Amino acid sequence: MTDPDCIFCRIVRHEAEASLVHEDTVVAAFLDIRPVNNGHVLVVPKVHAADLAGLDPAVGGHMFAVGQRLAAALRRSGLRCEGVNLYLADGRAAGQEVLHIHLHIVPRFAGDGFGLRRGFRFENPSRGDLDGTAARIRDALQAAGGDADVPGR
């Protein structure tokens, strides 16, 4: 199912222009129109999912596998690419602008100026605080039916 108003759904349906680099039955990958660096690719599922919560895990796994292949292709392409970031923003507060989940494959090189920036210092929590936070996440994972087993705990 696709959303008639979603630009990424329109691209998937070939109703909007895109510079495709990969397409299969599950995902499409195309160049970002506002690239961080030349070769910046977006991988989108063909089924509309606004966020990670709505994304089928198998589709997410396929998105990541395609992302890995594209990262390797970027390194072989002759484009300037000394490293690669895979980036996924889940929700507006995380920087997601188009509400159709998508994975960014960003070619990187020294001095390109891109990166996640924080306007404050990193926190330095105690081990007790870290363990308490980990327990809360494990409890939430277990409550959702996920595997919360942690070896050695």
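Coordinate-derived values only; no laboratory data. Every value quoted in this text rests on a predicted model; they were computed, and no experiment measured them. Here Cβ is always computed from backbone atoms with ideal geometry, including for glycine, and neighbour counts include all displayed protein chains.
List every residue pair whose Cβ atoms sit under 8 Å apart, with the two residues 6 or more apart in sequence or on different chains, where the first one lies in the stretch 40-64 and is under 17 Å from A89 (Cβ atoms) and the second, anywhere, is among the hydroxyl-bearing types (S, T, Y) and part of a loop (DSSP other than H, G, I, E, B).
Matching pairs, first to second residue: H48/T2.
Take the conditions buried (at least 18 other Cβ atoms within 10 Å of the Cβ) and in contact with a Phe, Trp or Tyr (Cβ under 6 Å, 6 or more places away or on another chain) and apply them to H40. Does it pass?
The answer is no for H40.
Restricting attention to the stretch 44-58, does a residue exist that is closer than 16 Å to I105 by Cβ and either hydrophobic (A, V, I, L, M, F, W, C) or assigned to a helix (DSSP H, G or I) (or both)?
Looking for residues that are closer than 16 Å to I105 by Cβ and either hydrophobic (A, V, I, L, M, F, W, C) or assigned to a helix (DSSP H, G or I) (or both), one finds at least one in the stretch 44-58, hence yes.
When you go through A65, A29 one by one, which is the residue that is in a strand (DSSP E or B) and either within 15 Å of the chain's Cα centre (by Cα) or of a type in the set (D, E, K, R) (or both)?
Unique residue meeting the criteria: A29.
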